[in-house]
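Chemist: This structure is in structure tokens; I'll ask about it shortly.
The values are calculated or read from the model by the stated rules, or taken from the named source; none is laboratory data. Given the structure is predicted, the values throughout are model-derived calculations rather than measurements. Please note: Cβ atoms are built from the backbone with ideal geometry, for glycine as well, and neighbour counts cover all protein chains shown. Ligands, DNA and RNA are stripped out before the accessible areas are found, and what is left, the full protein with its side chains, is counted by its heavy atoms. Shrake-Rupley method; radii C 1.70, N 1.55, O 1.52, S 1.80 Å.
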Amino acid sequence: MSPLRTAIWRFTFAYGLLIAPWPGFSLAYARCFRALGQIVFASETECRLLRFEPVPQNLHHTLDTRIVLINRNQLDRNGCGPVMYLELSTRSLGWTPTALVVALVLATPGSLKRRGWSLLAAVLAIHGFILFSVAIYIWNSSLGLSLVALGPLSRQIMAGLDETLVAQMGASFVAPVVIWMAIAIGDEKMMRPLFARP
């Protein structure tokens, strides 16, 4: 079997194994996602309150995480006022691109040490992308609570980024491939065996 065909089989097996709906895995990943979001984004300033929490089970939909966003300046004496709930699927936004980039790296030829370092770099890079996507989602939604002020052009750019990175699934497949190419294709020793003649 040629190295390229072997890599394709490795990728198919690894991605299938990672993306399968294992019992309890989605809940565990969603908890980890919320914990990371809480560490990176959650804050209580004079005007903003932001926290990550699970979506209540009685809502019965596939979105498992929501970001609570409050502008304290809009609360009345009793602490009542507008609250924005930003709901998302951690599987779509977080696990799908992570599983894809992991499968791509595992399928790429190379020594265990080389693939290990590549895997670490890929996982860190894809989580940087995921956190950037969540930041765009929060920032764009903050406009509705007057937590940030942007001009018309900046609003259009933020809305476009929000639509591309969060609302659509395309970026969850494109970003892992770009990251894998930057890491693996940049290292000729990893990619050369794929195209070697049998």
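Chemist: Do we find that Leu104 is out of contact with any strand residue (DSSP E or B) (no Cβ under 9 Å at 6 or more places or on another chain) and either open to solvent by 40 Å² or more (accessible area, probe 1.4 Å) or at pLDDT 90 or above (or both) in this structure? Give the derivation first.
Modeler: Details: out of contact with any strand residue (DSSP E or B) (no Cβ under 9 Å at 6 or more places or on another chain): yes; either open to solvent by 40 Å² or more (accessible area, probe 1.4 Å) or at pLDDT 90 or above (or both): yes.
Against the criterion (out of contact with any strand residue (DSSP E or B) (no Cβ under 9 Å at 6 or more places or on another chain) and either open to solvent by 40 Å² or more (accessible area, probe 1.4 Å) or at pLDDT 90 or above (or both)), Leu104 qualifies.
Chemist: From the list Leu88, Leu59, exactly one residue is loosely packed, with under 15 Cβ neighbours inside 10 Å, within 24 Å of Gly24 (Cα to Cα) and in contact with an Asp or Glu (Cβ under 9 Å, 6 or more places away or on another chain). Which is it? Reasoning before the result, please.
Modeler: On the way: Leu88 fails: loosely packed, with under 15 Cβ neighbours inside 10 Å.
Exactly one residue qualifies, and that residue is Leu59.
Chemist: Still on this structure, please answer the following. Quick check: anything in the range 71-83 modelled with pLDDT under 90 and open to solvent by less than 30 Å² (accessible area, probe 1.4 Å)?
Modeler: Within the range 71-83, the subset modelled with pLDDT under 90 is 71-83.
Of the ones still in play, those that are also open to solvent by less than 30 Å² (accessible area, probe 1.4 Å) are 71.
The answer is yes; a qualifying residue exists.
Chemist: Kindly indicate whether Tyr15 is within 22 Å of Leu145 (Cα to Cα) and aromatic (Phe, Trp, Tyr). Outline the logic, then answer.
Modeler: Working: within 22 Å of Leu145 (Cα to Cα): no; aromatic (Phe, Trp, Tyr): yes.
No: the conditions fail for Tyr15.
Chemist: If you don't mind, another one. Consider the range 4-40. How many of its residues are surrounded by fewer than 16 Cβ atoms within 10 Å (Cβ to Cβ) and more than 30 Å from Ala135 (Cβ to Cβ)?
Modeler: So the answer is 10.
Chemist: Restricting to the range 128-151, name every residue that is under 12 Å from the mean Cα position of the chain (by Cα) and touching a residue at least 40 places away in the same chain (Cβ under 8 Å). Full working, then the answer.
Modeler: Within the range 128-151, the subset under 12 Å from the mean Cα position of the chain (by Cα) is 128-137.
Correct list: Phe129, Leu131, Ser133, Val134, Ala135, Tyr137.
Yes or no, residue by residue, for (1) touching a His at 6+ places or on another chain (Cβ under 8 Å); (2) assigned to a helix (DSSP H, G or I); (3) open to solvent by 60 Å² or more (accessible area, probe 1.4 Å):
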site	(1), (2), (3)
Gly110	no, no, no
Arg114	no, yes, yes
Trp117	no, yes, yes
Gly128	no, yes, no
Phe132	no, yes, yes
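Chemist: Would you confirm whether or not the range 152-163 contains a residue that is surrounded by 15 or more Cβ atoms within 10 Å (Cβ to Cβ), within 16 Å of the chain's Cα centre (by Cα), without any contact (Cβ under 8 Å) to a residue 40 or more places away in the chain and assigned to a helix (DSSP H, G or I)?
Modeler: Scanning the range 152-163, I find at least one residue that is surrounded by 15 or more Cβ atoms within 10 Å (Cβ to Cβ), within 16 Å of the chain's Cα centre (by Cα), without any contact (Cβ under 8 Å) to a residue 40 or more places away in the chain and assigned to a helix (DSSP H, G or I), so the answer is yes.
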